[in-house]
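Participant: Would you mind keeping the following structure in view while I ask a few things?
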Amino acid sequence: MWEPRIKLSLAGLSHSKTQDITNQVKSQLEEKENQKFPVFKAVSFKSQVVAGTNFFIKVNTGGKNFMHLWVFRNLPHEKSPLTLLTYKTNKAKHNELNYSFLSFFLLLKEASLFYLVSDSGLVLSTLSQQFSVPQ
């Protein structure tokens, strides 16, 4: 099985900036899950610099309920909003925040666009960014 070669960093963001990123993608998640989250608190994060920045954020959604989010921020000159690429539900506080869900998705290139596609063939997102994908 292909394992992504990724360097994740714990540095670079304050808790308030991480919470701001989390707040900006909350409506995207609520739309995908078809429910409201009265509690949506970032509790930990990791980031990865690519052609933009990937943020992996553990979020408390109330009580003992947690989710892991994968959020993408484009390069500043693109002036585009943050994108919730994918997420995992049914997580607990003790679950390690990692990028294991990356192995379930593919980036497919057609012309200058990249498509994030799930293992079931569902197109999750379209990105017009240059990514380096290991061979």
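The values are calculated or read from the model by the stated rules, or taken from the named source; none is laboratory data. Everything numeric here is computed off the predicted structure, so don't read it as measured data. Cβ sites come from the backbone with ideal geometry, for glycine too, and all protein chains shown count toward neighbours.
Participant: In the list 80, 14, 44, which residue meets the criterion of being exposed (fewer than 13 other Cβ atoms within 10 Å of the Cβ) and either modelled with pLDDT under 90 or within 15 Å of the chain's Cα centre (by Cα) (or both)? Step through it out loud before you land on a result.
Facilitator: Details: 80 fails: exposed (fewer than 13 other Cβ atoms within 10 Å of the Cβ); 44 fails: exposed (fewer than 13 other Cβ atoms within 10 Å of the Cβ).
On inspection, the qualifying residue turns out to be 14.
Participant: Look through segment 25-81, keep the residues that are in a strand (DSSP E or B) and among the charged types (D, E, K, R), and return whichever of them is farthest from residue 94 (Cα to Cα).
Facilitator: Within segment 25-81, the first condition is being in a strand (DSSP E or B), and the residues that meet it are 41-50, 52-62, 65-73.
Narrowing the set further to residues that are among the charged types (D, E, K, R) leaves 41, 46, 58, 73.
Details: 41: 16, 46: 16, 58: 10, 73: 27 Å.
Taking the candidates together, the pick is 73.
Participant: Could you check residue 93 against (1) closer than 19 Å to residue 16 by Cα; (2) part of a loop (DSSP other than H, G, I, E, B); (3) modelled with pLDDT of 90 or more and say which number it fails?
Facilitator: So the condition that residue 93 fails would be (1).
Participant: (1) modelled with pLDDT under 95; (2) touching a Phe, Trp or Tyr at 6+ places or on another chain (Cβ under 6 Å): which one isn't true of residue 26, the others all being true?
Facilitator: (1)
Participant: Moving on to the next point. List pairs: first in segment 80-105 and farther than 9 Å from residue 70 by Cα, second modelled with pLDDT of 85 or more and exposed (fewer than 12 other Cβ atoms within 10 Å of the Cβ), Cβ under 8 Å, 6+ apart or cross-chain?
Facilitator: 92/64; 93/64
Participant: Let me ask something additional. Here is a list: 60, 65. Which entry is out of contact with any helix residue (DSSP H, G or I) (no Cβ under 9 Å at 6 or more places or on another chain) and within 16 Å of residue 96 (Cβ to Cβ)?
Facilitator: Details: 65 fails: within 16 Å of residue 96 (Cβ to Cβ).
Only one candidate passes the filter, namely 60.
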